[in-house]
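Each remark here refers to the structure printed beneath this line.
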Amino acid sequence: MIEAHGLTKRYGTKLAVDDVTFTVRPGIVTGFLGPNGAGKSTTMRMIMGLDRPTAGSVTVNGSPYAQHARPLAEVGALLEAKAVHPGRTARQHLQALAATHGIATTRVDEVIELTGLSAVARKRVGGFSLGMGQRLGVAVALLGDPRTLILDEPVNGLDPEGVLWVRNLARYLAGQGRTVFLSSHLMSEVALTADHVVVIGRGRILADTTVQDLLDGASRRAVLVRSPQATELAEALRRDGAEVARRDDGALMVTGADAARVGETAAVAGAVLHELTPTASTLEEAYMELTADAVEYRSEEMTEGAPR
Ligand SMILES: Nc1ncnc2c1ncn2[C@@H]1O[C@H](COP(=O)(O)OP(=O)(O)OP(=O)(O)O)[C@@H](O)[C@H]1O
């Protein structure tokens, strides 16, 4: 369980994380979603005690990270690429970590097996592909058999097999009753992996809900209508209280009335229908809608900072 209360991080004048409050529960995968620069990594670093909050607090399994006697048994994290001695083998790297944290060597073998590293465990880490490095990072996170897992953009740079592996592993670990908190800037990825999602933009929480609710809440079902009497039909629909937008190709996008109601209004108005298609926005569209302001803000910021 992760509990953040009024968590805030300021870097100079930049408010990277702005008064966020959320709970990440055990037994499910929670996605942490937001555009680049939204504050995901900063939040995760504060959870892991690597960054000190400017205000507010965050606990893992009931206590701040630093107050746990055996932190590796509480929370394991895959944050941005960590320094690994390139001359060491994967096994040596894990063994060294296990030794300094009082973890049995048998656990090293278990995590090597669990992360599919058996074939390369005795190879030098310096020659590892990105995917293998990512697996080693996950092996490190799992070493202390932690109740809570934090994975920052774990599928970044992975091939499709690696992506599927991360997805299955996250779900497997949650199925064991662990807390799994996984960040991504891709809604499609979170939708496939997570049960619950916390959406962040410009350091603030934009949504804290199930994936399904996010879709239902953000999507406004629209009906696409084509008619040779589009102008008259649009007027009749508006009189009925619907909202009508005319697309460049002449089609009408109607919200606030379902297909049946649009058809009935058309009949009364004597408008011929050439097409009547209910549409639902995709999860990706719902996410874009939700984070539009946050993304705009980022691009403005980058334009301002760009050399002229
Ligand atoms: N050490 C730092 N000093 C100054 N500003 C920082 C620092 N770390 C992060 N920031 C700024 O804080 C904001 C949030 O950054 P953060 O890395 O947490 O975002 P993110 O959601 O993880 O995005 P990304 O996926 O791009 O890493 C950004 O505007 C970033 O530039």
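A quick yes/no check of all residues on (1) over 17 Å from the mean Cα position of the chain (by Cα); (2) open to solvent by less than 20 Å² (accessible area, probe 1.4 Å); (3) at pLDDT 95 or above:
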residue: Lys14; (1), (2), (3): yes, no, no
residue: Val20; (1), (2), (3): no, yes, yes
residue: Thr23; (1), (2), (3): no, no, yes
residue: Val29; (1), (2), (3): no, yes, yes
residue: Leu33; (1), (2), (3): no, yes, no
residue: Thr54; (1), (2), (3): yes, no, yes
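So which of Ala119, Ala139, Ala96 is open to solvent by 40 Å² or more (accessible area, probe 1.4 Å), assigned to a helix (DSSP H, G or I) and either at pLDDT 90 or above or not polar (S, T, N, Q) (or both)?
So the residue among Ala119, Ala139, Ala96 that is open to solvent by 40 Å² or more (accessible area, probe 1.4 Å), assigned to a helix (DSSP H, G or I) and either at pLDDT 90 or above or not polar (S, T, N, Q) (or both) is Ala119.
Being within 16 Å of the ligand (Cβ to nearest atom), of a type outside the set (S, T, N, Q) and closer than 24 Å to Ser188 by Cα is true for just one of Gly31, Gly12, Gly27, Gly56. Which residue is that?
So the residue among Gly31, Gly12, Gly27, Gly56 that is within 16 Å of the ligand (Cβ to nearest atom), of a type outside the set (S, T, N, Q) and closer than 24 Å to Ser188 by Cα is Gly31.
Among the residues of segment 204-215, how many are in contact with a helix residue (DSSP H, G or I) (Cβ under 8 Å, 6 or more places away or on another chain) and at pLDDT 85 or above?
So the first thing to find is which residues in segment 204-215 are in contact with a helix residue (DSSP H, G or I) (Cβ under 8 Å, 6 or more places away or on another chain), and the list is 206-207, 209, 211, 214-215.
Narrowing the set further to residues that are at pLDDT 85 or above leaves 206-207, 209.
The total comes to 3.
Name the residues in segment 66-93 that are in contact (Cβ under 8 Å) with a residue 40 or more places away in the chain and open to solvent by less than 60 Å² (accessible area, probe 1.4 Å), would you?
Pro71, Leu72, Ala73, Glu74, Val75, Gly76, Ala77, Leu78, Leu79, Val84, Ala90, His93 - these are the residues of segment 66-93 that are in contact (Cβ under 8 Å) with a residue 40 or more places away in the chain and open to solvent by less than 60 Å² (accessible area, probe 1.4 Å).
Would segment 63-74 turn up any residue that is small (Gly, Ala, Ser), more than 9 Å from the ligand (Cβ to nearest atom) and under 22 Å from Ala170 (Cβ atoms)?
Looking for residues that are small (Gly, Ala, Ser), more than 9 Å from the ligand (Cβ to nearest atom) and under 22 Å from Ala170 (Cβ atoms), one finds at least one in segment 63-74, hence yes.
Just wondering, is there one or more residues in segment 79-91 that are at pLDDT 95 or above, within 11 Å of the ligand (Cβ to nearest atom) and not hydroxyl-bearing (Ser, Thr, Tyr)?
no
For Met44, all conditions in the list (1) within 16 Å of the ligand (Cβ to nearest atom); (2) part of a strand (DSSP E or B) hold save one; what is the number of the exception?
Of (1) within 16 Å of the ligand (Cβ to nearest atom); (2) part of a strand (DSSP E or B), only one is false for Met44: (2).
From the set of residues in segment 153-188 that are outside any helix (DSSP H, G or I), open to solvent by 60 Å² or more (accessible area, probe 1.4 Å) and more than 15 Å from the ligand (Cβ to nearest atom), which is nearest to Met48 (Cα to Cα)?
Gln176
The values are calculated or read from the model by the stated rules, or taken from the named source; none is laboratory data. Keep in mind it's a predicted model, so treat the numbers as computed, not measured. Cβ atoms come from the backbone with ideal geometry, glycine included; neighbour counts cover every protein chain shown. Just the protein is used for accessible areas: all its heavy atoms, side chains included, with ligands, DNA and RNA removed. Shrake-Rupley method; radii C 1.70, N 1.55, O 1.52, S 1.80 Å.
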